[in-house]
Amino acid sequence: MIRKIIVGCVHPSSAFVLSRSDFRFYDPENKQQPKAGDVVYGEIVYIGQHSSLENAHGRIHTMVDGRKSIFVFGNRYAPDYYEAVIPEGELEEEYDLVARSGVVSCVLTKNAKIKDPTKIRILGYVCDDQENVINTKKYRKIVLGKKSENIKKRNRSKVILVVGTSMNSGKSTTCAACIYALSSSGHSVRSSKITGTASLKDILLMQDNGASHISDFTYLGHPSTYLCSEEDLLDIFNTVDAKYGNSPENYLVIEIADGVLQRETAMLLRNRDFMRRVHRTVLCSADALGAIGGIETMYKEFGIVPHAISGICCGSPLAIRELSGLTKIPVFHNVTRNVKHIMEIIG
C-alpha cells in the first residue's frame with residue numbers, strides 16, 4: 001500500500017531533472033534491488049560528514065535528526081571524500097549519504113581526513129500512483145526535439161576542455177576563468193560539466209561568469225557518472241553538443257571531473273570522436289610537479305598535449321617559475337584573470 005509523502009521534504013539537486021510534483025507517493029513494502037537513479041524517501045538518523053543538503057535551486061538546507069528528504073541512489077568516486085557504490089541485494093534499511101546533493105549508496109573507502117558518512121533510514125521508494133518506482137534516468141531536461149538538432153553540423157562551436165590531475169585541482173575555477181575571458185571578449189559561451197557527482201555550485205559558477213546556457217549530467221538524469229558506460233558518457237556529451245554546440249560563433253566550455261587517471265575521464269580522453277571535437281585542452285593541477293606528471297601522463301596514455309596549464313598551482317609565482325623551467329606550455333592564473341593572455345591561448 002503506497003503512502004503520501006509529507007509536504008516540505010527537501011527536493012535535492014541529485015533529483016534536479018524531476019519536478020516536485022513527482023514526489024507524491026512512496027512504497028514502504030517494495031524491497032527490490034536499487035539501481036542508479038532510483039529515487040527514495042528517507043530520514044536522517046545520524047549526522048556525520050555531510051550536515052547540509054543542496055536542493056534543486058542551489059539552496060543549502062541545514063540538516064537535523066529526523067529531517068525527511070528525497071534521496072537518489074548513485075555511485076561516487078571522490079579521493080578526497082568517499083568511494084561508494086550501490087550494493088547488490090534487496091533494499092536495506094539504511095544507506096550512507098555520500099554527497100550533499102542527496103546521493104546515497106554504501107561507502108567502501110574514505111579519506112582519513114573525512115568523518116564517517118551521514119546515515120539515512122529509507123522509508124520507501126518514491127513511486128507514481130501505479131506503484132512504479134521513479135528513476136531519474138528516465139527523465140531529461142535537455143530534449144532534442146527537432147530532427148535537425150540530432151544532426152551535428154560540420155561547422156560547430158569551439159570546445160574548450162578542462163581536465164585535472166585530481167579532484168580539487170582548480171578545474172571549476174579555471175572553467176569560470178575561460179568563460180569570463182570569452183564572454184568579456186564578446187563571445188557567446190555555453191558550458192557543461194559532463195562527469196562527476198551532482199552538485200549545482202560548479203555550473204552556477206559557470207553561469208555567474210558569463211555562460212548563457214549551463215548544464216551537467218543531472219540534466220540528463222544521472223545523479224553521478226561513476227561506473228557509467230562509455231556509451232552513457234558519450235550520450236551526455238553528444239546531447240549537450242548537439243543542443244548547444246551547433247553554432248560556429250559560440251564557444252562550448254566542458255569540464256570533466258576528477259583526474260586523468262579516473263575511469264570515466266580516461267574513457268573520454270581515449271575516445272577519438274570526443275577528442276576530435278576539442279579545440280583547446282587546459283590541464284589543471286594543485287602543484288607544479290603534479291602538472292608535469294599530468295602532462296607526461298596525458299601524452300603517454302592518450303597522445304594529448306595540453307594547450308595550457310592552470311589550476312591551484314598557478315596561484316603561486318614560485319610554482320609558475322618551477323613549471324616554466326620544465327615545460328614551454330603556457331600557464332594562466334584562474335583567479336587573477338588576464339583576459340588578453342587567456343584569449344591568446346584558448347581563442
Exercise. Dipole of the stretch 1-91 (Lys/Arg Cβ +1, Asp/Glu Cβ -1, origin at the Cα centre): which of 26, 44, 8 lies farthest to the positive side?
Worked result: 8
Problem set entry | Over the stretch 3-138, relative contact order from alpha-carbon pairs under 8 Å, at least 6 apart, % | 34
Problem set entry | Sequence of 54, 83 once ranked by neighbouring C-beta atoms within 10 Å, starting from the fewest | 83, 54
For this session: Calculate the radius of gyration of the Cα atoms of the stretch 3-138 to one decimal place, then report Dmax, the largest Cα-Cα distance, as a whole number, both in Å.
Result: 13.7, 45
Seminar exercise, completed: For the chain the mean separation of alpha carbon contacts under 8 Å (6+ apart) over residue count, i.e. relative contact order in percent, is 18
Exercise. Do the alpha carbons of any pairs in 141/171; 201/300; 193/300; 113/201; 137/201 sit beyond 29 Å of each other, and which pairs?
Worked result: 201/300
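Over the stretch 147-346, what is the relative contact order in whole percent, taking alpha-carbon pairs under 8 Å and six or more residues apart?
The value is 30 percent.
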Exercise. Residue 158: which aspartates and glutamates have alpha carbons under 16 Å from its alpha carbon, excluding same-chain residues fewer than 8 sequence positions away?
Worked result: 241, 249, 255, 273, 344
Problem set entry | Segment residue 247-residue 275, length gained on full extension (0.36 nm per residue, minus Cα span) | 8.2 nm
Exercise. Just how large is the dipole of the chain about the Cα centre, in debye to the nearest 20, putting +1 at every Lys and Arg Cβ and -1 at every Asp and Glu Cβ?
Worked result: 1320
Exercise. Given the rule -39500 (n - 2.57) for each run of at least 4 DSSP H residues, summed and divided by the residues of the chain, what is its mean residue ellipticity at 222 nm, to the nearest 500 deg cm²/dmol?
Worked result: -7000 deg cm²/dmol
Seminar exercise, completed: So residue 340 and residue 328, fully extended at 0.36 nm per residue minus their Cα-Cα distance, gain in nm 2.5 nm
Exercise. Direction-averaged shadow area of the convex hull around the Cα atoms of the stretch 287-347, nm²?
Worked result: 4.1
Exercise. About the Cα centre of the stretch 252-325, what is the dipole size in debye to 20, counting +1 per Lys and Arg Cβ and -1 per Asp and Glu Cβ, all else neutral?
Worked result: 300
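Report, in order of residue number, the helices in the chain meeting two criteria: a C-alpha extent of 18 Å or more along the helix axis, and a mean Kyte-Doolittle hydropathy of at least 0.0; treat each whole DSSP H run as one helix.
Helices meeting the span and hydropathy rule in the chain are 171-184, 288-302.
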Exercise. In nm, to one decimal, how far is the modelled label at residue 61 from the one at residue 261, with both set 7 Å along Cα→Cβ?
Worked result: 3.8
Problem set entry | Cβ-based charge dipole, the chain, positive-most Cα from 112, 101, 191 | 191
For this session: Report the extension gain between residue 235 and residue 9 in nm, rounded to one decimal, defined as 0.36 nm multiplied by the number of residues separating them, less their alpha carbon distance.
Result: 78.2 nm
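Where a number appears in this text, it was derived from the coordinates with a stated rule and is not lab data. All values reported here derive from a predicted model rather than from experimental measurement. Positions of Cβ are backbone-derived with ideal geometry, glycine not excepted, and every protein chain shown enters the neighbour counts.
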